[in-house]
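The values are calculated or read from the model by the stated rules, or taken from the named source; none is laboratory data. This structure is a prediction, so every number in the text was calculated from the model and none was measured. Positions of Cβ are generated from backbone atoms using ideal geometry, with glycine treated the same way; all protein chains shown enter the neighbour counts. For accessibility, only protein heavy atoms count, side chains too; no ligands or nucleic acids. Shrake-Rupley method; radii C 1.70, N 1.55, O 1.52, S 1.80 Å.
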Amino acid sequence: MKQCSALDIVEDEQKTNVDKIGNCNGNNNNKNNNKNVESQQRLAVLSYEQVRRLNDVMDETVSIHGRGNFPTLEVRLRDLVTVVRGKLEADTASGGAGMRVRDIRLNGGAASHVLATESQPYNDLDLIFGVELSSGRNYDRVKSAVLSSLFDLLPDGVSRKRISTCSLKEAYVSKMVKVNNDGDRWSLISLGNSRGHKNVELKFVDTMRRQFEFSVDSFQIVLDSLLLFYDCSELPISENFYPTVVGESVYGDFQEALYHLQKKLISTRHPEEIRGGGLLKYCNLLVKNYRPADPDYIKTLQRYMCSRFFIDFSDIGQQRAKLENYLWNHFVGPEEEALKHQYLMLLHDVVEESTVCLMGHERRQTLHLIESLAWQVMCQDQQRMMTQQPPPVVYHNGYLYPVISTPACCYHCSCNSTWMACS
């Protein structure tokens with residue numbers, strides 16, 4: 001199959017537009033041509049190496065861990081996608097949702113892993129199903145389709161007589177989100193309950209105004225052609241025989257976003273549109289050695305990030321819960337956990353430098369929260385190091401004596417004192 005790049009598509013489109021402008025003098029034609037060019041810049045055809053990595057991701061066996069006595073579901077990602085799509089499209093008379101699936105896309109860190117030239121670690125597998133959610137009934141149909149898929153994926157030998165959809169939800173679903181307001185109609189069902197393992201996040205989208213936080217996480221890979229290849233071809237993917245797969249950057253310019261990904265650059269626009277302002281993700285990129293594509297401009301955007309974060313999480317209790325939850329979900333494993341303290345100190349610096357929407361005592365309260373979390377993380381790291389290393393010993397009068405040391409403990413005051421520090 002013929003292979004081409006996004007740049008080739010854009011150049012061809014630009015040539016066509018030049019010819020059209022030469023023949024037509026209307027301003028409307030110019031505007032339409034510019035829109036066509038912009039839409040083509042969002043897209044790119046994947047190379048063979050990228051399709052091969054995508055195939056590896058789709059062939060990956062996913063473990064969906066269940067609570068209690070429910071067994072772990074072992075299923076290939078491509079099979080999971082096929083089962084869920086089948087349940088969505090099946091007639092309601094046969095137990096399906098009776099919905100049309102516009103397309104299926106791979107999103108998030110897995111999509112970045114496929115497109116990047118260097119290996120990109122990813123924690124979750126994010127899938128987007130394009131469906132119509134014009135009524136509340138459709139949300140329920142989507143949920144029933146997912147739970148019915150889990151029921152079909154139960155391993156052989158498991159008694160299904162007493163298993164209900166409610167018990168399946170409690171066992172395998174870690175999070176469910178439903179959004180239905182102006183400009184946003186989508187739902188999220190997260191599968192998996194085991195920390196340290198990849199969760200599968202199924203997102204069902206009708207409309208969504210903001211689909212990315214930063215350019216490096218703006219990629220979506222359309223899977224329909226690859227799924228059709230699996231159904232129709234008996235030959236495996238090879239350098240001379242593979243499907244044409246299209247990727248899109250919802251950031252806007254695919255090549256620019258891909259350059260940011262390869263060079264580890266930070267870029268975004270209108271962070272005030274993101275829930276939480278993208279503040280926590282921004283500091284996470286910084287601690288992983290990403291750097292701003294435009295340092296002066298990002299300083300301005302930091303103020304919008306902080307302002308939106310404190311609008312969405314105005315109470316100190318909400319801020320603590322959000323920070324603790326983010327640390328728990330995004331710093332998994334020894335290498336990631338070692339970055340926690342540095343991450344919190346970076347966050348402290350950004351909040352101290354760029355927060356302009358809080359009163360003085362509120363600002364000090366938030367900074368104190370971040371400092372206390374950083375001290376807790378440091379104490380936990382020191383105690384973990386002491387347990388991993390053998391204790392020192394002292395030789396005296398022919399005997400070896402272990403040195404007994406009491407590590408300094410960090411305590412967090414929970415008395416909710418109203419006292420404020422002098423400034």
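For PRO295, the criteria (1) touching a Leu at 6+ places or on another chain (Cβ under 8 Å); (2) open to solvent by 10 Å² or more (accessible area, probe 1.4 Å) hold in every case but one, which is (1).
Considering each of LEU202, LEU168 in turn, give the residue that is part of a helix (DSSP H, G or I), open to solvent by less than 40 Å² (accessible area, probe 1.4 Å) and within 22 Å of VAL62 (Cα to Cα). Outline the logic, then answer.
On the way: LEU202 fails: part of a helix (DSSP H, G or I).
Selected residue: LEU168, the only one of LEU202, LEU168 that is part of a helix (DSSP H, G or I), open to solvent by less than 40 Å² (accessible area, probe 1.4 Å) and within 22 Å of VAL62 (Cα to Cα).
Of the residues making up region 62-88, those that are open to solvent by 30 Å² or more (accessible area, probe 1.4 Å) and closer than 30 Å to TYR251 by Cα are ARG76, ARG78, ASP79, THR82, ARG85. The set of residues from region 114-126 being in contact (Cβ under 8 Å) with a residue 12 or more places away in the chain and surrounded by fewer than 21 Cβ atoms within 10 Å (Cβ to Cβ) comprises ALA116, THR117, GLU118, GLN120, PRO121, TYR122, ASN123, ASP124.
Taking the condition within 27 Å of ASN329 (Cβ to Cβ), more than 25 Å from the chain's Cα centre (by Cα) and outside any strand (DSSP E or B), does SER159 pass? No.
Candidates SER194, SER174: the one that is within 18 Å of the chain's Cα centre (by Cα), in a strand (DSSP E or B) and touching a residue at least 12 places away in the same chain (Cβ under 8 Å) is SER174. Scanning region 128-155 for residues that are part of a loop (DSSP other than H, G, I, E, B) and open to solvent by 30 Å² or more (accessible area, probe 1.4 Å), we see that the one that is farthest from ASN69 (Cα to Cα) is SER134.
Does region 329-342 contain any residue that is surrounded by fewer than 16 Cβ atoms within 10 Å (Cβ to Cβ), closer than 16 Å to TYR282 by Cβ and under 21 Å from the mean Cα position of the chain (by Cα)? So far as region 329-342 goes, yes, one or more of its residues are surrounded by fewer than 16 Cβ atoms within 10 Å (Cβ to Cβ), closer than 16 Å to TYR282 by Cβ and under 21 Å from the mean Cα position of the chain (by Cα).
Considering only residues in region 130-171 that are of a type in the set (Asp, Glu) and without any contact (Cβ under 8 Å) to a residue 24 or more places away in the chain, the one that is nearest to VAL205 (Cα to Cα) turns out to be ASP140. Here THR92 meets each of (1) open to solvent by 50 Å² or more (accessible area, probe 1.4 Å); (2) touching a helix residue (DSSP H, G or I) at 6+ places or on another chain (Cβ under 7 Å); (3) β-branched (Val, Ile, Thr) with one exception, condition (2). Screening ILE189 on (1) more than 22 Å from GLU89 (Cα to Cα); (2) free of Cβ contacts under 8 Å to residues at least 60 places away in the same chain shows it passes everything except condition (1).
Of all positions in region 355-366, none carries a residue that is open to solvent by 70 Å² or more (accessible area, probe 1.4 Å), closer than 29 Å to TYR122 by Cα, of a type outside the set (A, V, I, L, M, F, W, C) and part of a helix (DSSP H, G or I). Within region 221-230, not a single residue is modelled with pLDDT of 95 or more, hydroxyl-bearing (Ser, Thr, Tyr) and assigned to a loop (DSSP other than H, G, I, E, B). The single condition among (1) without any contact (Cβ under 8 Å) to a residue 24 or more places away in the chain; (2) part of a loop (DSSP other than H, G, I, E, B) that TYR259 does not meet is (2). You will find that of SER314, SER372, the residue that is of a type in the set (S, T, N, Q) and open to solvent by 80 Å² or more (accessible area, probe 1.4 Å) is SER314 and no other.
Is it the case that GLN220 is under 30 Å from GLY136 (Cα atoms), under 18 Å from the mean Cα position of the chain (by Cα) and open to solvent by 50 Å² or more (accessible area, probe 1.4 Å)? No.
Taking only pairs six or more apart or across chains, which ones have beta-carbon atoms under 8 Å, a first residue in region 61-75 that is among the acidic types (Asp, Glu), and a second residue that is loosely packed, with under 13 Cβ neighbours inside 10 Å? So the pair list comes out as GLU74/THR61; GLU74/PRO155.
Considered as a group, the residues in region 317-328 that are more than 19 Å from the chain's Cα centre (by Cα) and open to solvent by less than 50 Å² (accessible area, probe 1.4 Å) include one that is farthest from MET378 (Cα to Cα), and that residue is GLY317. Listed by position, the helices (runs of 4 or more DSSP H) enclosed by region 1-82 that each have at least 1 residues that are modelled with pLDDT of 60 or more and among the acidic types (Asp, Glu) are 48-59.
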